[in-house]
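These notes concern the structure reproduced below.
The values are calculated or read from the model by the stated rules, or taken from the named source; none is laboratory data. Since we're looking at a predicted model, the values are computed, not measured. Heads up, the Cβs are rebuilt from the backbone with ideal geometry, glycines too, and the neighbour counts pull from every protein chain shown. The area values use the complete protein model at the heavy-atom level, side chains included, leaving out ligands, DNA and RNA. Shrake-Rupley method; radii C 1.70, N 1.55, O 1.52, S 1.80 Å.
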Amino acid sequence: MEVRPGKREPDFTEHGVWGIDRWGELWAIDWWYKQCETDVGIAQFMRLIGLYKPIKWFNEGGIIDKAIGPSIRSEMRLKQRFVAIEMLPSLDDKAVKLQAFHARATAHTVHFPIKRPWAEHVIESLVKFPGGRHDDAADVCGLVGRGVDKMMEARLLVAEPKPLLIPFTGRWLEWGSDPKPKERFF
């Protein structure tokens, strides 16, 4: 990328994929970040949507959403990959944005995978916050912390217990036979 005098480099674009388990603990599943133009960031967003098929995605409302929201919706229609994007209110105080996420991290209910470069990047950004040069990873974590109450917790499916059948007993011989015929409407 060429940087001309007087021209500012673009901000980092960061996308985080999170999950919540049945105990309400947050798990970082995947992350993408790069200092790039908007079209590259939108392409990576679409890649993550196609790969993980999330139910909901959190964005911060405001001027950036108004600028790129139409492009994101257009790309979703074009690629036939859809996710409900929920706009969370924009807050000026970045420390306030991170309070809910910080509370969960303090309670040891936020988990990152080990040996992933992106996880190291996010954790390093959080540790340096608010003194670090870039706070985009902290912004994503703040969105997740503010939106976690709107996420669906995982549920374990309980299988219907199968009857214990002993071979050659009356229950075994009758099992599977329907006493009355099925009604058909056609």
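So that you can scan it fast, the table gives a plain yes or no per residue for (1) in contact with a His (Cβ under 9 Å, 6 or more places away or on another chain); (2) modelled with pLDDT of 90 or more:
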{"residue": "R104", "(1), (2)": "no, yes"}
{"residue": "S125", "(1), (2)": "yes, yes"}
{"residue": "A138", "(1), (2)": "no, yes"}
{"residue": "V148", "(1), (2)": "no, no"}
{"residue": "K162", "(1), (2)": "no, no"}
{"residue": "L165", "(1), (2)": "no, no"}
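Do you know which of the residues in the stretch 18-43 that are within 16 Å of E153 (Cβ to Cβ) and either of a type outside the set (D, E, K, R) or without any contact (Cβ under 8 Å) to a residue 24 or more places away in the chain (or both) is surrounded by the fewest Cβ atoms within 10 Å (Cβ to Cβ)? Step by step, filter the stretch 18-43, then rank; the result is W23.
Annotation note: of H111, H134, the sole residue that is more than 26 Å from V40 (Cα to Cα) and in contact (Cβ under 8 Å) with a residue 24 or more places away in the chain is H111. Sub-9 Å Cβ pairs linking a first residue in the stretch 83-98 that is within 27 Å of G131 (Cα to Cα) to a second residue that is surrounded by 13 or more Cβ atoms within 10 Å (Cβ to Cβ) and β-branched (V, I, T), at least 6 apart or interchain, are S90/I64, ordered by first then second residue. Residue pairs whose Cβ atoms lie under 9 Å apart, separated by 6 or more positions or on different chains, with the first residue in the stretch 143-165 and surrounded by fewer than 10 Cβ atoms within 10 Å (Cβ to Cβ) and the second modelled with pLDDT of 70 or more and assigned to a loop (DSSP other than H, G, I, E, B), are M152/I55; R155/R22; L156/R22; P163/W175.
Of all the criteria given as (1) touching a Leu at 6+ places or on another chain (Cβ under 9 Å); (2) farther than 20 Å from E153 by Cα; (3) modelled with pLDDT of 90 or more, the one not satisfied by E75 is (1).
Criterion first (under 19 Å from W31 (Cα atoms), in contact (Cβ under 8 Å) with a residue 60 or more places away in the chain and open to solvent by 60 Å² or more (accessible area, probe 1.4 Å)) does H102 satisfy it? So H102 does not fit the description; no.
The number of residues in the stretch 77-99 that are in a loop (DSSP other than H, G, I, E, B) and open to solvent by less than 50 Å² (accessible area, probe 1.4 Å) comes to 2.
Suppose we keep only residues that are of a type in the set (A, V, I, L, M) and part of a helix (DSSP H, G or I) within the stretch 114-131. Which one would you say is surrounded by the most Cβ atoms within 10 Å (Cβ to Cβ)? Ranking the qualifying residues of the stretch 114-131, first place goes to V122.
The residues of the stretch 49-72 that are under 17 Å from L26 (Cβ atoms) and either at pLDDT 95 or above or not aliphatic (A, V, I, L, M) (or both), listed by number, are Y52, P54, K56, W57, F58.
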